[in-house]
Amino acid sequence: MSQSVSSSEFLSEHVKPPEALAGFGSIYVQNVVWNDMDAFNHVNNVVYYRYAESARINYLNELGAFSNEVTTVLAQSSCTYLKPVVFPDTLLIGVRTKKLGNTSIIMEYAYFSTAQQALVATGESVLVRLNKEGTKKLPWSTTERSNILGFEKAAGHSPQI
């Protein structure tokens, strides 16, 4: 079970986001379930990509970035594992725009374990914006760029442009 929580909702519930997630405007709450673990008794490496996908979709939803006229494709994804995570745990996954390109966006992730009170992984992904047929790159509109940059600024973060 997981849920999305914006930083402001987090604060309104009297729970302060950890310092490791400062500057992340979107914090996704991901419960670790028993099935996420592998034979080595820690969360399997592939599961982190599923977590990132859920956190990324939440971030894009918060921005209102989905449309029937355009689509995005995942062009690249990476994850750096810092500490093993085991069940039970709840991860707070910070998501933000690292770089806003003309037709792409580089997003970064910070995975914070509430059980360990530590950053346990980091990651990045590159999304490319395409027409609805998925055949041609499309630039971000002025409004979309403004929304992304405004969202990041409200969190105290300034992406590369």
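The values are calculated or read from the model by the stated rules, or taken from the named source; none is laboratory data. It should be emphasised that the depicted structure is a prediction, and the values quoted were computed from it without experimental measurement. Cβ placement follows ideal geometry from the backbone for every residue including glycine, while neighbour counts extend to all protein chains displayed. Accessible surface areas use protein heavy atoms only, side chains included; no ligands, DNA or RNA. Shrake-Rupley method; radii C 1.70, N 1.55, O 1.52, S 1.80 Å.
Quick look at the values:
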| quantity | calculated |
| --- | --- |
| Residue match in the stretch 40-49 (condition: in contact with a helix residue (DSSP H, G or I) (Cβ under 6 Å, 6 or more places away or on another chain) and either open to solvent by 90 Å² or more (accessible area, probe 1.4 Å) or at pLDDT 95 or above (or both)) | yes |
| Top-ranked residue of the stretch 1-36 - restricted to ones that are at pLDDT 95 or above and in a strand (DSSP E or B), ranked as nearest to Gly156 (Cα to Cα) | Ser26 |
| Answer residue from the stretch 99-148, given it is open to solvent by 70 Å² or more (accessible area, probe 1.4 Å) and either assigned to a strand (DSSP E or B) or touching a residue at least 40 places away in the same chain (Cβ under 8 Å) (or both) and is nearest to Asn61 (Cα to Cα) among those | Asn147 |
| Conditions (1) of a type in the set (Phe, Trp, Tyr); (2) in contact (Cβ under 8 Å) with a residue 40 or more places away in the chain; (3) surrounded by fewer than 18 Cβ atoms within 10 Å (Cβ to Cβ): number failed by Phe66 | (2) |
| Flag if Val120 is modelled with pLDDT of 95 or more and under 16 Å from Val29 (Cα atoms) | yes |
| Failed item, numbered, when Thr71 is tested on (1) at pLDDT 95 or above; (2) outside any loop (DSSP other than H, G, I, E, B) | (1) |
| Hits in the stretch 150-161 - residues which are crowded, with 17+ Cβ neighbours inside 10 Å and among the aliphatic types (A, V, I, L, M) | Ala155 |
